[in-house]
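Chemist: Once you've had a glance at the structure underneath, I'll fire off some questions.
The values are calculated or read from the model by the stated rules, or taken from the named source; none is laboratory data. These numbers were taken from a predicted model, which means no experiment stands behind them. Every residue, glycine as well, gets a Cβ built from its backbone with ideal geometry; the counts of neighbours run over all protein chains shown.
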Amino acid sequence: MQKLNSFWYFFRQHAIFLIASIPIIIADQLSKLWIISNLEEGESTFETGFFRLTHVQNTGSSFGLFQNQNLILSIFAIIGACFILSLVFFMHNRFEILRTLLGKFSLGLIFAGAVGNLINRLTFGHVVDFLDFNYWPAFNIADSSVVVGSILLTYHLFRLNSKDQSKNEKCV
């Protein structure tokens, strides 16, 4: 019975992280598989308009930087994913931001994005990008998840910092 209680305690503590990361990883992988099976590399769904689905094989990082550096980018993704897991699961009591729902949720989004692209790198040797707005490099759900998670985490850090500063000002 003790093991069952500790499992539920663990799940309750980290549910928001899991709720944020697992569906994003699944959606990212399913969308990439759909693109791979329906579009040849370089092929687009629409030839005109401001948005289209275009199958792009990205061997680099964001904005096409660090092309053909798959091994190094994979190593950084593994290190980053392990770091996030250790923060969330083992160090959550040490940092105030990791005791909040928004902090865990934003780290779940960043983790999901890193893992989604890492799966592609390890499986195909490149990341499948497909959301194409013509004026911006193509990206995918994992990329969007990292960006949204980073914005939320930054916002939350500033919010926590401003609360701490206002508490310090009241004490003086």
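Chemist: What number of residues in the range 78-92 are of a type outside the set (Gly, Ala, Ser), in contact with a helix residue (DSSP H, G or I) (Cβ under 9 Å, 6 or more places away or on another chain) and either in a helix (DSSP H, G or I) or surrounded by 13 or more Cβ atoms within 10 Å (Cβ to Cβ) (or both)?
Modeler: Let us first name the residues in the range 78-92 that are of a type outside the set (Gly, Ala, Ser), namely 78-79, 82-85, 87-92.
With the extra rule that they be in contact with a helix residue (DSSP H, G or I) (Cβ under 9 Å, 6 or more places away or on another chain), the set shrinks to 78, 84-85, 87-89, 91-92.
Restricting the remaining residues to those that are either in a helix (DSSP H, G or I) or surrounded by 13 or more Cβ atoms within 10 Å (Cβ to Cβ) (or both) gives 78, 84-85, 87-89, 92.
Number satisfying all stated conditions: 7.
Chemist: Which residue pairs have Cβ atoms closer than 8 Å, lie 6 or more positions apart in sequence or on different chains, and pair a first residue in the range 7-18 that is more than 11 Å from Val88 (Cα to Cα) with a second residue that is in a helix (DSSP H, G or I) and at pLDDT 80 or above?
Modeler: Sorted first by the residue in the range 7-18, then by its partner, the pairs are Phe11/Leu18.
Chemist: Can you run down the residue pairs with Cβ atoms below 7 Å, 6 or more apart or on separate chains, where the first is in the range 128-145 and touching a residue at least 60 places away in the same chain (Cβ under 8 Å) and the partner is of a type in the set (Lys, Arg)?
Modeler: Val128/Lys32; Asp132/Arg52; Asn140/Lys32
Chemist: Okay, moving on. Residues of the range 93-110 being charged (D, E, K, R) and not in a loop (DSSP other than H, G, I, E, B), which ones?
Modeler: Just the residues of the range 93-110 that are charged (D, E, K, R), to begin with: 94, 96, 99, 104.
Within the range 93-110, Glu96, Arg99, Lys104 meet the criteria.
Chemist: Can we say Leu102 is surrounded by fewer than 18 Cβ atoms within 10 Å (Cβ to Cβ), closer than 14 Å to Thr59 by Cβ and at pLDDT 90 or above?
Modeler: Numbers: surrounded by fewer than 18 Cβ atoms within 10 Å (Cβ to Cβ): yes; closer than 14 Å to Thr59 by Cβ: no; at pLDDT 90 or above: yes.
Here the answer is no, as Leu102 does not meet what is asked.
Chemist: Output yes when any residue across the range 111-131 is closer than 30 Å to Phe46 by Cα, assigned to a helix (DSSP H, G or I), over 14 Å from the mean Cα position of the chain (by Cα) and polar (S, T, N, Q), and no when none is. I'd like the intermediate steps shown before the answer.
Modeler: From the range 111-131, those closer than 30 Å to Phe46 by Cα are 112-131; that's our starting set.
Remaining after also requiring assigned to a helix (DSSP H, G or I): 112-124.
With the extra rule that they be over 14 Å from the mean Cα position of the chain (by Cα), the set shrinks to 121-124.
In the following step, the residues that additionally are polar (S, T, N, Q) were identified as 123.
Looking through the range 111-131, at least one residue is closer than 30 Å to Phe46 by Cα, assigned to a helix (DSSP H, G or I), over 14 Å from the mean Cα position of the chain (by Cα) and polar (S, T, N, Q).
Chemist: Checking the structure you have, find out if any residue of the range 108-124 is within 20 Å of Gln29 (Cα to Cα), in contact with a Phe, Trp or Tyr (Cβ under 7 Å, 6 or more places away or on another chain) and either surrounded by 19 or more Cβ atoms within 10 Å (Cβ to Cβ) or without any contact (Cβ under 8 Å) to a residue 40 or more places away in the chain (or both).
Modeler: yes
Chemist: Ok, one more. Filter the range 132-152 for residues that are out of contact with any strand residue (DSSP E or B) (no Cβ under 7 Å at 6 or more places or on another chain), polar (S, T, N, Q) and either surrounded by fewer than 22 Cβ atoms within 10 Å (Cβ to Cβ) or closer than 19 Å to Thr45 by Cβ (or both) and give the result.
Modeler: Matches in the range 132-152: Asn134, Ser144, Ser150.
Chemist: Could you list all residues from the range 93-107 that are free of Cβ contacts under 8 Å to residues at least 12 places away in the same chain, over 19 Å from Ser145 (Cβ atoms) and in contact with a helix residue (DSSP H, G or I) (Cβ under 8 Å, 6 or more places away or on another chain)? Give the steps one after another, and end with the answer.
Modeler: Filtering the range 93-107 down to residues free of Cβ contacts under 8 Å to residues at least 12 places away in the same chain leaves 93-95, 98-99.
If we keep only those that are over 19 Å from Ser145 (Cβ atoms) as well, we get 93-95, 99.
Selection gives Asn93, Phe95.
Chemist: Among the residues of the range 33-76, write down those that are under 18 Å from Thr123 (Cβ atoms), in contact (Cβ under 8 Å) with a residue 60 or more places away in the chain and in a helix (DSSP H, G or I).
Modeler: Passing the criteria: Ile35, Ile36.
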